[in-house]
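Worksheet: the structure to be examined is printed underneath.
The values are calculated or read from the model by the stated rules, or taken from the named source; none is laboratory data. These numbers come from a predicted model, not from an experiment. Virtual Cβ from ideal backbone geometry, glycine too; neighbours counted across all protein chains shown. When the accessible area is computed, the model is the full protein with side chains, heavy atoms only, and any ligands, DNA or RNA have been set aside. Shrake-Rupley method; radii C 1.70, N 1.55, O 1.52, S 1.80 Å.
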Amino acid sequence: MSEFEQIPLARPEIGTREEELVLEVLRSGRLSLGPMGERFERDFAAWLGVEDAVAVSSGTAALHLGVRALGWEPGDEVLTSPFSFVASANCLLYEGARPVFCDVDPETLDLDPAAVEAALGERSVGLLPVHIFGYPAAMPELEAIAAANGLGLLEDACEALGAVDAEGRRVGTRGNLATFAFYANKQLTTGEGGMVVPPSPELASRLRSERNQGRAADMGWLDHGGLGFNYRLSDLAAALGVAQLARLDRMLERRIAVADLYARGLAGIDGVEAPPAGRGAERRSWFVYPVHLPDGVDRDATIARLGERGVAAKAYLPCIHLFPHLREQGWREGQFPVAEAASARSLALPFFPAMSEAHVERVCEALAESLR
Ligand SMILES: Cc1ncc(COP(=O)(O)O)c(C=O)c1O
């Protein structure tokens with residue numbers, strides 16, 4: 001990418017290894033349920049440091065199977081974050097469970113354990129924390145609340161591959177059901193794809209069956225032991241995943257380097273707040289780069305001015321509870337002041353591993369000019 005081209009919000013790193021492995025799958029004739037899919041699961045589990053991992057067609061599919069695995073049903077209430085991508089609430093609605101939103105911590109923008117405790121009710125069956133923007137949620141506190149109240153726990157780690165929590169553990173390795181996503185803007189991409197980390201071998205078998213129309217490993221073709229879905233990941237996508245895993249450490253390091261460049265570049269712009277890298281032992285896995293604009297700044301106008309200067313930017317994120325299908329359940333403005341304030345002020349800037357110092361400088365200059 002030349003320094004004078006439009007700078008996109010995100011851009012995947014795809015190299016010759018991805019091309020080679022995709023070609024290998026094409027030539028093998030095993031385009032689904034083949035050895036590449038198994039290899040991706042094995043390599044992913046080894047990289048993360050868990051026993052097993054189950055590949056699926058998207059992060060949303062991973063969350064949906066997670067909700068089913070935890071047995072959340074109509075009438076059940078699950079406490080979750082309003083400051084997230086809509087899939088983390090939709091996955092509950094698919095099974096008739098009700099998302100009960102709780103406000104977030106102003107600094108980390110993850111679920112605030114005190115707000116969770118305050119929102120517990122008779123129908124609460126679980127917690128669904130989201131490691132938003134790659135910042136690890138307060139898992140020790142949330143696990144304590146879950147244990148004290150007999151709640152299930154499903155971690156939405158779709159934006160957080162590689163993040164490390166306050167106890168020094170990689171997100172997704174605490175023994176809870178955890179989900180990851182591999183859309184093209186993620187730390188690791190398969191184009192579309194997702195992964196579930198199962199807490200037990202029994203659940204792993206169930207997930208593998210449900211992603212494949214309820215067919216168990218020991219069952220024949222067209223034989224089905226229960227309700228299932230087509231949430232399979234193709235071996236072409238898995239080939240991308242295998243190649244991406246081999247470069248993941250390097251890509252994560254590049255993301256840290258680009259975030260450092262931004263932190264320095266933005267320091268000279270009055271009133272713009274960079275996201276926290278970590279506040280204790282936590283380590284963010286840099287996913288997007290959301291800055292907070294100064295109070296009173298017109299964000300849409302800023303986005304338009306950045307666009308005129310060849311820099312893509314986006315309002316990030318709208319609060320989930322204010323989408324029409326959740327308003328129908330009674331959610332309204334003003335219920336979650338921290339999430340709503342963050343949502344009103346945050347803006348995602350271009351962020352991807354191949355960004356050079358010159359790109360970051362161009363973005364920072366364009367932002368400074370757009371705020372004048
Ligand atoms: C927090 C969060 N949850 C869930 C998802 C859903 O993943 P997918 O788009 O792969 O279905 C995403 C991805 O965009 C996400 O950011």
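Pairing residues of segment 317-331 that are among the β-branched types (Val, Ile, Thr) with residues that are part of a helix (DSSP H, G or I), at Cβ distances under 8 Å and at least 6 apart in sequence or on separate chains, gives Ile320/Ser88; Ile320/Ala89; Ile320/Leu326.
Taking segment 67-110 as the range and being out of contact with any Lys or Arg (no Cβ under 9 Å at 6 or more places or on another chain) and of a type in the set (Ser, Thr, Tyr) as the test, the residues that pass are Thr80, Ser81, Ser84, Ser88. Is it the case that segment 239-251 has a residue that's within 16 Å of the ligand (Cβ to nearest atom), closer than 30 Å to Ala281 by Cβ, within 18 Å of the chain's Cα centre (by Cα) and not acidic (Asp, Glu)? Within segment 239-251 (the criterion being within 16 Å of the ligand (Cβ to nearest atom), closer than 30 Å to Ala281 by Cβ, within 18 Å of the chain's Cα centre (by Cα) and not acidic (Asp, Glu)), the answer is yes, since at least one residue qualifies.
Checking Thr179, Thr173, Thr189 one by one, the residue that is away from the ligand (no atom under 12 Å from the Cβ), out of contact with any Lys or Arg (no Cβ under 7 Å at 6 or more places or on another chain) and either open to solvent by 10 Å² or more (accessible area, probe 1.4 Å) or β-branched (Val, Ile, Thr) (or both) is Thr173 and no other.
Is it the case that Ala184 is away from the ligand (no atom under 16 Å from the Cβ), farther than 20 Å from Glu107 by Cβ and either open to solvent by 10 Å² or more (accessible area, probe 1.4 Å) or touching a residue at least 60 places away in the same chain (Cβ under 8 Å) (or both)?
Values: away from the ligand (no atom under 16 Å from the Cβ): no; farther than 20 Å from Glu107 by Cβ: yes; either open to solvent by 10 Å² or more (accessible area, probe 1.4 Å) or touching a residue at least 60 places away in the same chain (Cβ under 8 Å) (or both): yes.
When the stated conditions are applied, Ala184 does not pass them.
Among the conditions (1) surrounded by fewer than 21 Cβ atoms within 10 Å (Cβ to Cβ); (2) more than 16 Å from the ligand (Cβ to nearest atom), Asp103 misses just one, which is (1). Which one is surrounded by the most Cβ atoms within 10 Å (Cβ to Cβ) among residues in segment 315-346 that are modelled with pLDDT of 95 or more and charged (D, E, K, R)? My answer is Glu340.
Inspect all residues belonging to segment 199-208 and state whether any of them is among the small types (Gly, Ala, Ser) and in contact with a helix residue (DSSP H, G or I) (Cβ under 9 Å, 6 or more places away or on another chain). Can you show your working first?
First pass over segment 199-208, keeping only residues among the small types (Gly, Ala, Ser): 200, 204-205.
Those still in the list that are in contact with a helix residue (DSSP H, G or I) (Cβ under 9 Å, 6 or more places away or on another chain) too: none.
Checked against the condition, which is being among the small types (Gly, Ala, Ser) and in contact with a helix residue (DSSP H, G or I) (Cβ under 9 Å, 6 or more places away or on another chain), segment 199-208 yields no hits at all.
Take the conditions away from the ligand (no atom under 16 Å from the Cβ), open to solvent by less than 20 Å² (accessible area, probe 1.4 Å) and in contact (Cβ under 8 Å) with a residue 24 or more places away in the chain and apply them to Ile145. Does it pass? Yes, satisfied.
Of all residue pairs spaced 6 or more apart or on separate chains, those with beta-carbon atoms under 8 Å, a first member in segment 155-170 that is more than 17 Å from Tyr183 (Cα to Cα) and of a type in the set (A, V, I, L, M, F, W, C) and a second member that is in a strand (DSSP E or B) and open to solvent by 20 Å² or more (accessible area, probe 1.4 Å) are Ala163/Arg170; Ala163/Arg283; Val164/Arg170; Val164/Arg283.
Remark: Arg279 falls outside the filter, which requires a residue to be in a loop (DSSP other than H, G, I, E, B), basic (Lys, Arg) and free of Cβ contacts under 8 Å to residues at least 40 places away in the same chain. Take the residues in segment 68-90 that are crowded, with 24+ Cβ neighbours inside 10 Å and part of a helix (DSSP H, G or I), then tell me which one is farthest from the ligand (Cβ to nearest atom). Looking at the filtered set, the residue picked out is Ala89. Residues of segment 232-267 that are open to solvent by 70 Å² or more (accessible area, probe 1.4 Å), small (Gly, Ala, Ser) and either farther than 30 Å from Arg211 by Cα or free of Cβ contacts under 8 Å to residues at least 12 places away in the same chain (or both): Ala267 alone.
In segment 50-64, the count of residues that are in a helix (DSSP H, G or I) and touching a Pro at 6+ places or on another chain (Cβ under 8 Å) is zero. The residues in segment 285-298 that are touching a helix residue (DSSP H, G or I) at 6+ places or on another chain (Cβ under 7 Å) and open to solvent by 40 Å² or more (accessible area, probe 1.4 Å) can be counted, and the count is 1.
Of all residues in segment 148-164, those that are of a type in the set (Asp, Glu) and either more than 16 Å from the ligand (Cβ to nearest atom) or touching a helix residue (DSSP H, G or I) at 6+ places or on another chain (Cβ under 6 Å) (or both) total 2. Going by what's in this entry, would Ile303 be described as on the phi < 0 side of the Ramachandran plot, aliphatic (A, V, I, L, M) and part of a loop (DSSP other than H, G, I, E, B)? Against the criterion (on the phi < 0 side of the Ramachandran plot, aliphatic (A, V, I, L, M) and part of a loop (DSSP other than H, G, I, E, B)), Ile303 does not qualify. As for segment 39-58, it holds no residue that is within 15 Å of Ala238 (Cβ to Cβ), free of Cβ contacts under 8 Å to residues at least 24 places away in the same chain, surrounded by fewer than 21 Cβ atoms within 10 Å (Cβ to Cβ) and of a type in the set (Asp, Glu).
Would segment 4-26 turn up any residue that is on the phi > 0 side of the Ramachandran plot and open to solvent by 10 Å² or more (accessible area, probe 1.4 Å)?
Here is the first cut: in segment 4-26, the residues on the phi > 0 side of the Ramachandran plot are none.
No, there is no match, as no residue in segment 4-26 is on the phi > 0 side of the Ramachandran plot and open to solvent by 10 Å² or more (accessible area, probe 1.4 Å).
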